[in-house]
1. Please count how many residues of the range 275-305 are part of a loop (DSSP other than H, G, I, E, B) and touching a helix residue (DSSP H, G or I) at 6+ places or on another chain (Cβ under 7 Å).
2. Does any residue of the range 275-287 turn out to be β-branched (Val, Ile, Thr) and surrounded by 15 or more Cβ atoms within 10 Å (Cβ to Cβ)?
3. Could you list all residues from the range 148-189 that are surrounded by fewer than 17 Cβ atoms within 10 Å (Cβ to Cβ), hydrophobic (A, V, I, L, M, F, W, C) and within 16 Å of the ligand (Cβ to nearest atom)?
4. I'm trying to understand the selection: among the residues of the range 274-289, which are among the hydrophobic types (A, V, I, L, M, F, W, C) and more than 18 Å from the chain's Cα centre (by Cα)?
5. Condition (residue is among the small types (Gly, Ala, Ser), at pLDDT 95 or above and over 22 Å from residue 311 (Cα atoms)) applied to the range 383-400: is it met by at least one residue?
6. Hey, could you check the range 26-41 for residues that are among the hydrophobic types (A, V, I, L, M, F, W, C) and either within 16 Å of the ligand (Cβ to nearest atom) or not in a strand (DSSP E or B) (or both) and say which is surrounded by the most Cβ atoms within 10 Å (Cβ to Cβ)?
7. I'm told residue 266 meets every condition in (1) out of contact with any strand residue (DSSP E or B) (no Cβ under 9 Å at 6 or more places or on another chain); (2) buried (at least 16 other Cβ atoms within 10 Å of the Cβ); (3) of a type outside the set (Val, Ile, Thr) except one. Can you identify the failing condition by its number?
8. Can residue 192 be described as within 14 Å of the chain's Cα centre (by Cα), surrounded by fewer than 24 Cβ atoms within 10 Å (Cβ to Cβ) and within 11 Å of the ligand (Cβ to nearest atom)?
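The values are calculated or read from the model by the stated rules, or taken from the named source; none is laboratory data. Here the structure is a predicted model, which is why all the values come from computation and not from measurement. Backbone-built Cβ (ideal geometry, glycine too); neighbour counts: all protein chains shown.
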Amino acid sequence: MQMTDEQIYQNDARDYLPVFARYKIVLDHGDGVYVYDSQGRKYIDFLGGIAVNVLGHNHPALVKAVAEQAGKLIHCSNLYYTEVQARAAEKLVKLSGLGKVFFANSGAEANEGAIKIARKYAHTISPDKSQIITALHSFHGRTIATLTATGQPKYQEGFGPLPAGFDYVEYNNIEALESMMSEKTAAVMLEPIQGEGGVHVPEEAYLRKVRELCDKYDALLLFDEIQSGMGRSGCFFAYEAFGVKPDVVTLAKGLAGGVPIGAFISSDKVAEAFKPGDHGSTFGGNPLACAAADVVLDTIGDDSFLKNVREMGAYMKMRLDGLKAKYPSLIKEVRGMGLILGMEINKPGRDIVNACLEKGSIINCTAGNVLRFVPPLIVTKEHIDEVVDILDSVLPDYID
Ligand SMILES: Cc1ncc(COP(=O)(O)O)c(C=O)c1O
């Protein structure tokens, strides 16, 4: 018998670990940029499963590839070769210009692997080269090592003792980074655009100077592109927009369009630090996830697709700037790049997110007061207008 929404809420309260502050709708299916709840209500989805549904919902080529692969081989472990994994890896190596890929199952796991390979590589230079520097307000995941890498105490409280060797520095402040680095620095790990921390785009020269400092101290540059990658910035990797190449980059979220996956890609030089047995995963890079990734990579790797992301991003930024001009006492700043956009307001954003939901628009709030827009990358101007118009109708209620 089908469950009612009320039964689902009650079961969740009884059975599920209470770690999520969920919004009270039960989602049932999706189509393109829209999702539908159990009551048949339609929502325009500008959160996309938190920057995951890059091709939207129910994308025909993605659905076909997943269905066909499920009918052939869902899983077989990494003890054997599969064509789909070889294809996905080849595409990522080409797109990144780096050397070797490892597939994991999530963003946190991809970052764990990146941290491990960085430490292993650094230890080939010196046994006390182990410091990993990350940024304040960063977000790198929820495992013990990645929450330690995350420069926000609220994610770390209660989970000690944390792994040693992590230090934090102000983002976008090259002097602060320089004063913390030495020959003992194994790696600097940064999001080229901070997502969870409130959508912060660094100054153009910053990442280039970080690269120079890493070269000076023989430290690796790790870019966490789990949120900023997969075309979201308007380039396939956000680092391309800054003209900087990392030694290791991590991806997850949109990589397989919603099928769980993560990946880290390292230069050949760094990859040599890993020998058989140094890392592994039962599920990572399984045929189902790789078949999905193949389709996503073919679609997003195309420059005409990325051009549209840049154009739609610019259009949405322009429309959000219009709201800022209209409501200057409420909106402090609109920022972002491509289709990762944030609107900082002068009060907590959750009520506004709820009000938008009631009017049929899914958006999100991060860092307490930054409305975040990370829609599917297939959005059109009409979709953007729909969301911005709903926001425009909601915001006046929140002006003091
Ligand atoms: C930049 C960044 N790194 C890592 C993660 C963690 O990814 P996951 O939730 O798949 O473990 C996230 C998730 O929001 C992220 O935005």
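1. Within the range 275-305, residues that are part of a loop (DSSP other than H, G, I, E, B) and touching a helix residue (DSSP H, G or I) at 6+ places or on another chain (Cβ under 7 Å) number 4.
2. If we filter the range 275-287 for residues that are β-branched (Val, Ile, Thr), which is where we start, we get 282.
Now narrow it down to the ones that are surrounded by 15 or more Cβ atoms within 10 Å (Cβ to Cβ): none.
No.
3. Matches in the range 148-189: 159 only.
4. 274, 283, 288
5. Yes, some residue in the range 383-400 is among the small types (Gly, Ala, Ser), at pLDDT 95 or above and over 22 Å from residue 311 (Cα atoms).
6. Top of the filtered list is 33.
7. (1)
8. No; evaluated as a whole, the condition is false for this residue.
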